Amino acid sequence: MRAMRAETFSGYEGLKLIELPKPAVTKATVLVRITAAGVTPLDHTILSGKFHHAKPPLVLGNEGAGVVEEGGGTDFPVGSRVMFWGTYGVFEDGTYREWIGVRKEDLCLIPDNVDDVSAAGIPVAYLTAQVALTRAGFRAGKTVLAPAIGGSVGNAVTQLARALGAKHAISSTTNHAKAEQAKALGFNEVIDTSLEKLGDGVRRITDGYGADIVIDGIGGEVLSDALGALALEGSLTTLGYSASRKTTIDVTDLIVPQASIRSLNMFAQPQAAVTDAWNVTVSLLKSGAIKPIVAKTFPLAEAADALRYLVEGRPFGRVVLTV
């Protein structure tokens, strides 16, 4: 089978199209023919040699969608369309290939109203977003800020919070064109930070109240700015660092509102939390309350170009490989 494997963690040139044996079905796995694979910032981090837990050679790809070919039993019959996420592409070979053995607990049936390309970009974004919201104590009526509306987590948190009854579901962008695109897609509480500061925008939208919950997948200065937007006893969850791993904070942004910072590592979550997140996400997908946004697709052999487009092009929506 064809696979795009990182032979070295040396940047885009480390990705090579190779032939690998088709995986054998085991008692612990379900054989899935991959139709689409999500491209994520984590893939780029690994390929750049900045995720020390991963080791080359490694087939990248943390999430995907496809069709069950064998081993799914009555829960996932042969021919079922499924989407999945797990440690694939990080601690074991991932989804940038034609077939994969997936643990049954990582699988989820794709709703009939969702196509495979959209489904491939659902797991990482929406599971992360839902788990983060749950851990932060979200409930209807809360105000949520998730910076970077065009990115996977920012988009997913904003959609989920709005669908689940947030008083305000706020996001942001540094790009004026993206702000206009967001409004055209129905995101009416997006702060254009080329025109105003993040904290000022949050205060404007909330009449001075601030954000009860911040879910930050960006890091760097965005995290620092978002802390200044917290409401009394608000919390910020940090779970990504695409902007930077380092930031400087003003401790009074925590002390004055008695706010808190917490972190989220999806690989450390119990299965029950992931299952709950799947249940919420699938229900909202079926109802149409949330809808994944795909910016562009690339064929499998152009995985390096797909990653470059994601990281350097900073598109609005997900980048997906078609297999």
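Can you name every residue in the range 210-251 that is open to solvent by 10 Å² or more (accessible area, probe 1.4 Å), outside any loop (DSSP other than H, G, I, E, B) and among the polar types (S, T, N, Q)? It would help to see each step written out before you state the result.
We begin by selecting, within the range 210-251, every residue open to solvent by 10 Å² or more (accessible area, probe 1.4 Å); these are 212, 217-218, 221-225, 228, 232-233, 235, 238-251.
Filter once more, so that each one left must be outside any loop (DSSP other than H, G, I, E, B): 212, 221-225, 232-233, 235, 238, 244.
Result: S224, S235, T238, S244.
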Within the range 266-279, is even one residue free of Cβ contacts under 8 Å to residues at least 12 places away in the same chain, over 16 Å from V117 (Cβ atoms) and of a type in the set (A, V, I, L, M, F, W, C)?
-> yes
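Return the residue satisfying two criteria in turn: it lies in the range 142-178 and is of a type in the set (A, V, I, L, M, F, W, C) and within 21 Å of L307 (Cα to Cα), and of such residues it is surrounded by the fewest Cβ atoms within 10 Å (Cβ to Cβ).
First pass over the range 142-178, keeping only residues of a type in the set (A, V, I, L, M, F, W, C): 144-146, 148-149, 153, 156-157, 160-161, 163-164, 166, 169-170, 177.
Now restrict to residues that are within 21 Å of L307 (Cα to Cα): 148-149, 153, 156.
Numbers: A148: 24, I149: 28, V153: 26, A156: 29.
Selected residue: A148.
Restrict the check to the range 257-276 and report whether at least one residue is open to solvent by less than 50 Å² (accessible area, probe 1.4 Å), of a type outside the set (A, V, I, L, M) and closer than 21 Å to C108 by Cβ.
Yes.
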Subset of the range 193-220 [touching a His at 6+ places or on another chain (Cβ under 7 Å) and over 24 Å from A132 (Cβ atoms)] = S194
Name, by its number, the condition in (1) outside any helix (DSSP H, G or I); (2) in contact with a strand residue (DSSP E or B) (Cβ under 8 Å, 6 or more places away or on another chain); (3) over 29 Å from E7 (Cα atoms) that does not hold for T158.
-> (1)
Using beta carbons and a limit of 6 Å, which pairs, at least six apart or on different chains, have the first residue in the range 167-184 and at negative phi and the second one small (G, A, S) and modelled with pLDDT under 90?
-> K178/G150
From the set of residues in the range 277-294 that are under 14 Å from A129 (Cα atoms) and of a type in the set (V, I, T), which is surrounded by the fewest Cβ atoms within 10 Å (Cβ to Cβ)?
-> V282
Looking at the range 295-308, which of its residues are open to solvent by 10 Å² or more (accessible area, probe 1.4 Å) and farther than 22 Å from F187 by Cβ?
-> T297, F298, P299, A301, E302, A304, D305, R308
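Hey, among F138, F187, which residue is farther than 30 Å from V78 by Cβ and either assigned to a helix (DSSP H, G or I) or open to solvent by less than 20 Å² (accessible area, probe 1.4 Å) (or both)?
Working: F138 fails: either assigned to a helix (DSSP H, G or I) or open to solvent by less than 20 Å² (accessible area, probe 1.4 Å) (or both).
That would be F187, the only listed residue that is farther than 30 Å from V78 by Cβ and either assigned to a helix (DSSP H, G or I) or open to solvent by less than 20 Å² (accessible area, probe 1.4 Å) (or both).
The values are calculated or read from the model by the stated rules, or taken from the named source; none is laboratory data. What you are looking at is a predicted structure, and each value in this text was computed from that prediction instead of being measured. Note that we place each Cβ from the backbone using ideal geometry, even for glycine, and neighbour counts take in every protein chain shown. Just so you know, the surface numbers come from the protein's heavy atoms only, side chains and all, with ligands and any DNA or RNA stripped out. Shrake-Rupley method; radii C 1.70, N 1.55, O 1.52, S 1.80 Å.
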